[in-house]
Amino acid sequence: MNPEVGSSNLPRATIIILRKINNYRMNLFEFFKELYFKENDRKLELQNALNIPIITVTAIVSILFYFVTTFSYGKDSYCLNAIFVILSIGTALVLLFSIIHITRSYTGIWTGYDYSYVAGAKKLQDWYGDLMQYYNERNGTISDINEAFKQGVLNKFTESIDKNRLINDLKFKYLFRAKQGLVIAVYLTMATSIVYLSNFFQAPNESHNSEIMTPEEDQQNGGSQDSKPVEPPPPPPPPPNEIQTEGAEPVAPRPTPQPERTKED
């Protein structure tokens, strides 16, 4: 067991040495505690760093979709069509590469990442109570209990730091590769836009090529489908036949109702 620093039975030089050792252990504990929380903060930073790549992927996918669906695949420019198709496929493949690495950086695709954390406060409190019972049965001091507690927590800190650092380094590597792919995708998208604009200005404009005809020319050409004369509505049909039973008295036709006249009429 470690003697207490404040014990009056020890020489003054020994007390000074023990205090320096305790200060060193305290500084060592604080150092590893800072490393532990630094790796936890680094995990959150890596998660937040995925926002910009995800936005970039979404923007490039939207632009590429617009280019592919509105490109004029004419028969007169096979070379331009081939270049556009090659650039589009290349951009899509690079985007797929980046999306896979973004997913690996975030969730590991299938299994996820198992980070290591120090036990919760309730478990640590229970363990501290077990240490007190253990050292009280062996005539230990409170300094021994605190020292054992700090050393145990320090060991758990080091275990978590080593494991979490490996995970964060792996996630950083995947994120870095995803950003590399996005940079290439941006350049390919710029090249694709140049080809798209060249095709856009070379494509014939149907609205400009269509001739505007006067009404006289339209009539000479037989008129368009939209300028056909409107047929008048058909005349009202005759009244229906009256059916009478033989031997029955003929029924006089009902007079045609006349509109009521007002006092002014």
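Numbers for the structure displayed
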{"item": "Failed item, numbered, when G74 is tested on (1) surrounded by fewer than 17 Cβ atoms within 10 Å (Cβ to Cβ); (2) in contact with a Leu (Cβ under 6 Å, 6 or more places away or on another chain)", "result": "(2)"}
{"item": "Residue in the range 147-160 that is touching an Asp or Glu at 6+ places or on another chain (Cβ under 8 Å) and assigned to a helix (DSSP H, G or I) present", "result": "yes"}
{"item": "Scope the range 77-88; condition hydroxyl-bearing (S, T, Y) and either surrounded by 15 or more Cβ atoms within 10 Å (Cβ to Cβ) or in contact with an Asp or Glu (Cβ under 7 Å, 6 or more places away or on another chain) (or both); matching residues", "result": "S77, S88"}
{"item": "Residue ID - nearest to V186 (Cα to Cα), chosen from residues in the range 41-90 that are among the hydroxyl-bearing types (S, T, Y) and part of a helix (DSSP H, G or I)", "result": "T56"}
{"item": "Residue list for the range 45-59, restricted to those being of a type in the set (S, T, Y) and surrounded by 11 or more Cβ atoms within 10 Å (Cβ to Cβ)", "result": "T56"}
{"item": "Count of the range 158-181 residues which are surrounded by 15 or more Cβ atoms within 10 Å (Cβ to Cβ) and of a type in the set (V, I, T)", "result": "2"}
{"item": "Selection count where residues are part of a helix (DSSP H, G or I) and over 23 Å from L154 (Cα atoms), scope the range 101-123", "result": "6"}
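This table checks each residue for (1) in contact with a Phe, Trp or Tyr (Cβ under 8 Å, 6 or more places away or on another chain); (2) free of Cβ contacts under 8 Å to residues at least 12 places away in the same chain; (3) of a type outside the set (D, E, K, R); (4) exposed (fewer than 15 other Cβ atoms within 10 Å of the Cβ).
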{"site": "F65", "(1), (2), (3), (4)": "no, yes, yes, yes"}
{"site": "T69", "(1), (2), (3), (4)": "no, yes, yes, yes"}
{"site": "G90", "(1), (2), (3), (4)": "no, no, yes, no"}
{"site": "L95", "(1), (2), (3), (4)": "no, no, yes, no"}
{"site": "H101", "(1), (2), (3), (4)": "yes, no, yes, no"}
{"site": "S105", "(1), (2), (3), (4)": "yes, no, yes, no"}
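No value in this document is a laboratory result; all are computed from the given coordinates. All figures in this text were calculated on a predicted structure; none of them were measured in a lab. Here Cβ is always computed from backbone atoms with ideal geometry, including for glycine, and neighbour counts include all displayed protein chains.
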